[in-house]
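Data first, discussion second: the structure below is written as structure tokens.
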Amino acid sequence: MTPPISRGFGGKRRPAADPTRVPPGQYLTSDFPVLSAGPTPRTPLDQWSFSIGGMVETAKSWSWDEFLALPHATFTVDIHCVTKWSKLDTIWTGVSLDTLFEQARPTGHYVTARSDGGYTTNLPLADLTGGKAWIVNGYDGKPLHPEHGGPARLLVPHLYFWKSAKWVRGLEVTETDEPGFWEQNGYHIYGDPWREQRYWGD
Ligand SMILES: Nc1nc2c(c(=O)[nH]1)N[C@H]1C(S)=C(S)[C@@H](COP(=O)(O)O)O[C@H]1N2
Ligand SMILES: [Mo]
């Protein structure tokens, strides 16, 4: 009996992705996978606050209502997960970190984001300023779903998606780069998808 024609290793071919939109080693997905290291926390909105502290001129904290009163923007970006899926043209609504830092005025040069549930991730301050990062509370015209980080998450689309801390509650400005949860467990300290900075040593 003749064996079936081989389709090659890897089975079904994926359509070639536009290399100007999709970083090396990534494939496109149209669904929105959920990746969480623990259970989804559910902090009631009347107990929720978002704070910026550490090396800042003025430590700041916003209640949910105060956060909602800040200027919001809706924008479209591409996201890239280190597990190799990328999703193009995702639509988010939130507050630019420039707006928040304007009030707190950082003096240090790195940031640790902290979330309900204990997740942390570290970034250079420069990656959170200049219109590149937001605290988002809306996705696709609806309130951000709890599984995807609602009521609010950090969104830093130019870095791998693990840097976009879900259920974010605060930023601590530091003088040195302090590895966060995944960064202590083998993920790259910076995480640029265009340079495939997935793991230590990449
Ligand atoms: N608080 C928190 N934020 C998190 C994570 C997490 O486990 N906890 N996972 C990260 C990882 S590895 C990815 S890929 C994205 C996944 O976001 P999504 O579940 O909305 O797709 O969230 C990031 N932010
Ligand atoms: Mo991830």
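The values are calculated or read from the model by the stated rules, or taken from the named source; none is laboratory data. What you see is a predicted model, and the numbers here were worked out from it, not measured in a lab. FYI the Cβ positions are ideal-geometry reconstructions off the backbone, even for glycines, and counts take in every protein chain you see. Accessible surface is based on the protein model in full, side chains and every heavy atom, while ligands, DNA and RNA are left aside. Shrake-Rupley method; radii C 1.70, N 1.55, O 1.52, S 1.80 Å.
Numerical summary
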| quantity | calculated |
| --- | --- |
| Among 125-136, 155-166, the order from most to least packed when residues are scored by Cβ within 10 Å on average | 155-166, 125-136 |
| Where the chain is the region considered: accessible area per residue in Å², 1.4 Å probe | 52 Å² |
| ³J(HN,Hα), Karplus 6.51/-1.76/1.60, whole Hz, each residue of the range 144-150, x for Gly, Pro | 4, 5, x, 4, 9, x, x |
| Gap separating the Cα centres of the range 58-102 and the range 123-165, nearest whole Å | 5 Å |
| Residues listed by number, the range 137-166, amide nitrogen under 13 Å from Ala37 label point at 7 Å toward C-beta | 162-166 |
| Overall form of the range 112-154 per C-alpha gyration tensor (a/c, 1.5; a/b vs b/c) | oblate |
| Under 20 Å from the Cα of Lys132 - lysines, other chains or at least 8 residues apart | Lys87, Lys163, Lys166 |
| Within the range 90-202: Cβ-based charge dipole about Cα centre, in debye rounded to nearest 20 (Lys, Arg +1; Asp, Glu -1) | 300 debye |
| 222 nm mean residue ellipticity, helices alone, for the chain (DSSP H n ≥ 4; -39,500 (n - 2.57); rounded to 500) | -1500 deg cm²/dmol |
| Kirkwood-based shape ratio for the range 46-195, expressed as Rg/Rh from alpha carbons | 0.93 |
